[in-house]
Amino acid sequence: MRILAIETSCDETAIALTEAEGGLNSPRFKILKSAVASQIKIHRPFGGVVPSLAKREHQKNLPLIFKKVISEKDISSLDLIAVTVGPGLEPALWQGISFAKEISKAYGKPLLGVNHLEGHIYSNWINPSVGLPKFPAISLIVSGGHTILSFMKDIKTWKILGSTRDDAVGEAFDKVARMLKLPYPGGPEIERAAKKGKNIIDFPSPMLHSSDFDFSFSGLKTAVLYYLRDNKKINKNDICASFQSAAFEVLIKKTLRAAKTYKAKSVLLSGGVASSLALRAFFKKEVKKNDLNFFAPGLKLNTDNAAMISAAAYINFLRKKKKPLKADGNMEI
Ligand SMILES: Nc1ncnc2c1ncn2[C@@H]1O[C@H](COP(=O)(O)OP(=O)(O)OP(=O)(O)O)[C@@H](O)[C@H]1O
Ligand SMILES: [Mg+2]
């Protein structure tokens, strides 16, 4: 099945053409074409995403990328169009939905709404280099808007075990970077600086010992703020290394505890923060130490992209599951 997917939930305008095949036990995806127009430079001066600017950029970029990526021949071979309907910034989501409706009508192709977070999870099924995830599995989404730990009984059945009570982990990276006067998005900047620094500042790993599976990152963020207030001479690299390590520590601890509690066979990481090579290496080492299979999507599939939306669309298509074609900024997984 050939799927054209559109993603505009935040500050990336993305379109992908994917070939999907197989059943729910072993879905396979091949990315035929994929393009992402990043708006990072536009939002950078504001230190974060400005919804009205994101909307304007999506409106401008969608027809351009569509024309660049998709030929008339591609359109005739399409079986399905998919579009992200939530969660995300509603003005941004609406741009993608309206565009998808237009092309669906113009070319007479069916249209399916997709949950962005399902896209993050199912990005683990695209071109996996280490085979397909085995169930039961524990999935951890670490992104700009979410930190969600869930138990997956199989590819279509999951239960949320815990999530963040305040900032998402990516959001904490972005905010700490801003405190350190590092550019947006902060995650890659902090990772770069952390490589040159030492983990020698004792920042708290919030909720490390709490018996639930929830997270909290605002205390850690405040600890960095107080450290900056109380210390005249600072080493940014050491702050980044120490902050990153405190954040990662709680992510792995809770993930491994969940894996043990639920007798999982695999651990699946996804979302923008999963593009951190430091996080991937740390998770891989710790997960393997516990005799579990570790999965993380290919590097370009962690931050927002449309290939992951086509993967979620295919799985929902197989399940005959449909989401209403209207933007839902707070849509839950
Ligand atoms: N190398 C990295 N280290 C840590 N964080 C990173 C890295 N690269 C990207 N990030 C973080 O990933 C986040 C962006 O991820 P993503 O694009 O999935 O978020 P989003 O789509 O805005 O949120 P959501 O998926 O929850 O709706 C940003 O907060 C960014 O700082
Ligand atoms: Mg995302």
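Here are the numbers:
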| item | result |
| --- | --- |
| Fully extended contour minus Cα-Cα distance, from ASN235 to LYS320, at 0.36 nm per residue | 25.2 nm |
| Percent carbon-and-sulfur accessible area, the stretch 204-333, ignoring ligands, DNA and RNA, probe 1.4 Å | 53 |
| Residue pairs, from the table LYS153/LYS196; LYS33/LYS323; LYS41/LYS300; LYS175/LYS263; LYS30/LYS236; LYS60/LYS254, whose Cα atoms sit over 30 Å apart | LYS153/LYS196; LYS175/LYS263; LYS30/LYS236; LYS60/LYS254 |
| Tail beyond 18 Å, pair distance distribution of the stretch 152-303 (Cα, percent) | 59 |
| The chain: calculated mean residue ellipticity at 222 nm from DSSP helix runs of at least 4, using -39500 (n - 2.57) | -13500 deg cm²/dmol |
| Radius of gyration, Dmax [the chain; alpha carbons; angstrom] | 19.7, 64 |
| Reach of LYS159 by Cα under 19 Å, taken over aspartates and glutamates that are not fewer than 8 positions away in the same chain | GLU118, ASP212, ASP214, GLU332 |
| Angstrom value of the Kirkwood radius, inverse mean 1/r, which spans all Cα pairs in the stretch 222-333 | 17.1 |
| Principal axis dimensions, the stretch 81-200 - Cα atoms, whole angstrom, descending | 59, 36, 31 |
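The values are calculated or read from the model by the stated rules, or taken from the named source; none is laboratory data. This is a predicted model, so every value here is computed, not measured. Accessible surface areas use protein heavy atoms only, side chains included; no ligands, DNA or RNA. Shrake-Rupley method; radii C 1.70, N 1.55, O 1.52, S 1.80 Å.
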